[in-house]
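Here's the structure we're looking at; comments come further down.
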Amino acid sequence: MSPKLARQRYMKLFIPSMILYLVGIFLASTELILNILPKGAIYGLVVIPAIGVFGWIYAQMRFVRETDEFIRKMQIEAILYGVCALMCVATVWGLLEFYTTVPKLPIFFVLPGFYLFYGLAGAYLGWKNKALCNML
Amino acid sequence: MKNSLKSLRAGKGLSQQALGDLLDVSRQSVNAIETGRYDPSLPLAFKIARLFDCAIEDIFTDAPDP
């Protein structure tokens with residue numbers, strides 16, 4: 001499959017998944033909605049953004065599988081940089097939480113944290129390899 | 001690994017994008033191979049060699065700089 005087609009297929013799934021995630025986050029963080037809903041329904045509501053996350057990570061996995069080998073190499077490197085940075089920060093922050101009075105960081109921030117580091121790594125690798133448009 | 005992809009491509013009058021389309025890879029991949037920033041896999045090297053009707057070792061060489 002051509003990288004162009006792979007990217008089109010990625011965007012087709014990524015965009016609706018991202019919208020679902022954002023809508024889910026909005027609903028799950030709106031106090032008015034949370035006050036109206038019965039307790040049981042909140043458990044269902046918080047699954048909505050997770051479905052979005054599943055959709056866009058599946059889209060990313062499929063893109064990595066379908067794109068060309070050079071872009072695949074850069075994507076894998078960016079993902080590894082992202083995981084590495086997140087794990088380092090989580091280890092340091094986790095230990096600080098044990099032994100000092102730093103505030104507890106909600107586990108919710110794992111996903112945005114990973115994508116922040118992944119995005120920075122992707123931008124750097126794209127710039128270094130003159131392929132920025134394929135990484136962002 | 002050094003290669004003569006740039007001159008072969010120029011000889012056929014192809015742009016990086018056009019060569020990428022023929023090889024089913026991105027223009028950025030062609031650029032990375034040409035500039036030696038990326039060594040292609042064996043299947044892609046065969047594809048390139050077949051396209052220019054020559055052997056892989058005619059295009060790619062691992063000879064060190066003189």
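Taken together, the values in this text are just the output of simple stated rules run on the coordinates, not laboratory data. Computed from a prediction, not measured in an experiment: that's the story for all the values here. Glycine gets a Cβ as well: all are built from the backbone with ideal geometry, and neighbour counts include every protein chain shown.
Key figures
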quantity: Any hit, the stretch A:39-50, residues being more than 30 Å from B:L22 (Cα to Cα) and not in a helix (DSSP H, G or I); calculated: yes
quantity: Restricting the stretch B:38-47 to residues that are more than 7 Å from every other protein chain (Cβ to nearest Cβ) and out of contact with any helix residue (DSSP H, G or I) (no Cβ under 6 Å at 6 or more places or on another chain), the residue that is nearest to B:T61 (Cα to Cα); calculated: B:D39
quantity: Residue tally, condition more than 14 Å from chain B (Cβ to nearest Cβ) and more than 22 Å from the chain's Cα centre (by Cα), over the stretch A:1-33; calculated: 3
quantity: Some residue of the stretch B:6-22 being touching a residue at least 12 places away in the same chain (Cβ under 8 Å), more than 8 Å from chain A (Cβ to nearest Cβ), assigned to a helix (DSSP H, G or I) and more than 17 Å from A:D68 (Cβ to Cβ); calculated: yes
quantity: Any hit, the stretch A:34-56, residues being surrounded by 12 or more Cβ atoms within 10 Å (Cβ to Cβ), more than 14 Å from chain B (Cβ to nearest Cβ) and within 19 Å of A:L120 (Cβ to Cβ); calculated: yes
quantity: Residue count, the stretch B:6-30 (criterion: closer than 22 Å to A:K128 by Cα and surrounded by fewer than 21 Cβ atoms within 10 Å (Cβ to Cβ)); calculated: 5
quantity: Complete set of residues in the stretch A:59-93 that are more than 14 Å from chain B (Cβ to nearest Cβ), over 19 Å from A:P106 (Cβ atoms) and among the aromatic types (F, W, Y); calculated: A:Y81
quantity: Positions within the stretch B:26-37 being facing chain A (nearest Cβ under 9 Å), part of a loop (DSSP other than H, G, I, E, B) and under 10 Å from the mean Cα position of the chain (by Cα), in sequence order; calculated: B:T35
